[in-house]
1. Which one is surrounded by the most Cβ atoms within 10 Å (Cβ to Cβ) among residues in the range 137-179 that are touching a residue at least 40 places away in the same chain (Cβ under 8 Å) and out of contact with any helix residue (DSSP H, G or I) (no Cβ under 9 Å at 6 or more places or on another chain)?
2. Looking only at the range 28-75, filter to residues that are in contact with a helix residue (DSSP H, G or I) (Cβ under 9 Å, 6 or more places away or on another chain) and assigned to a loop (DSSP other than H, G, I, E, B); which one of those is farthest from the ligand (Cβ to nearest atom)?
3. Can you pull out every residue in the range 143-171 that is closer than 13 Å to residue 111 by Cα and more than 13 Å from the ligand (Cβ to nearest atom)?
4. List the number of the failed condition for residue 17; all other conditions in (1) in contact with a helix residue (DSSP H, G or I) (Cβ under 6 Å, 6 or more places away or on another chain); (2) free of Cβ contacts under 8 Å to residues at least 60 places away in the same chain hold.
5. Of all residues being touching a helix residue (DSSP H, G or I) at 6+ places or on another chain (Cβ under 7 Å) and touching a residue at least 60 places away in the same chain (Cβ under 8 Å) in the range 180-192, which is farthest from the ligand (Cβ to nearest atom)? Just the residue, please.
Ligand SMILES: CC(C)(COP(=O)(O)OP(=O)(O)OC[C@H]1O[C@@H](n2cnc3c(N)ncnc32)[C@H](O)[C@@H]1OP(=O)(O)O)[C@@H](O)C(=O)NCCC(=O)NCCS
């Protein structure tokens, strides 16, 4: 008897309410649209995450590597109840946020990834995904971790997250922090911005296609300088330099 292995490997997604798109005005006056990314859009997103696997600065490398695998898992149906939201400015990819629904009461925040620095696009995208969990999925709490100092400042400190250190986070190997509905309610007037409905022309532009980020984060020109300035505790700069010297990248 033949067995349809794919049916066994593929978890069955719970139907989740869609995220209603919203938009916000950034500090530089540009409008940013945040909307749900469909599964078939993932191949358009992956090429903009992959180069950052090699950028050590601000821990883009580990976050990019993990996010890449989560997006791939979503695309290939290897994770249950994941969602992906994209933030776009004039169609350009500005931020990616993702997570998953663990149960009707609990959400799992995966990653927040900013491709345009200095405008708090990551902070806005994170607030938007918390809104999805608390207001749309009606969950009581969202489990969160930070891989970078900037992430810790943005989430743990700005939202005053509560410790849930007895719960391992799905990112692997880290204790969780929690954003409860009560904490989110306190942040509504300060950290959560944006309006609905998104004007037709903005939404159409965003949905027309995910355009490459025009000014994505980049590694330093001189990796040895980065090594000196960061003390290179992980030796990633040296590994990268060797990789370059080995001629694998130009
Ligand atoms: C964490 C993150 C999502 C925050 O995004 P954001 O809100 O858009 O904030 P930015 O990254 O633009 O800016 C954060 C800080 O970096 C600095 N910064 C601003 N522009 C910068 C630039 N061009 N280059 C480097 N640093 C910059 C600022 O000091 C800013 O500090 P602030 O808190 O005083 O505003 C983003 O830094 C990111 O994607 N980091 C890598 C992945 C990551 O760590 N994700 C979170 C996992 S927990």
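1. Applying the filter and picking the extreme gives 143.
2. Filtering the range 28-75 for residues that are in contact with a helix residue (DSSP H, G or I) (Cβ under 9 Å, 6 or more places away or on another chain) and assigned to a loop (DSSP other than H, G, I, E, B), the one farthest from the ligand (Cβ to nearest atom) comes out as 37.
3. Residue satisfying the conditions is 170 alone.
4. Condition (2) is where residue 17 drops out.
5. In the first step, residues of the range 180-192 are kept if they are touching a helix residue (DSSP H, G or I) at 6+ places or on another chain (Cβ under 7 Å); the result is 181, 184, 191-192.
Restricting the remaining residues to those that are touching a residue at least 60 places away in the same chain (Cβ under 8 Å) gives 191-192.
Details: 191: 11, 192: 14 Å.
If we take residues in the range 180-192 being touching a helix residue (DSSP H, G or I) at 6+ places or on another chain (Cβ under 7 Å) and touching a residue at least 60 places away in the same chain (Cβ under 8 Å), then 192 is farthest from the ligand (Cβ to nearest atom).
Read the figures in this text as sums done on the coordinates, not as results from a lab. Note that the structure is a prediction, hence the values are computed from the model and not measured. In this analysis, Cβ positions are derived from the backbone assuming ideal geometry, glycine residues included, and neighbour counts consider all displayed protein chains.
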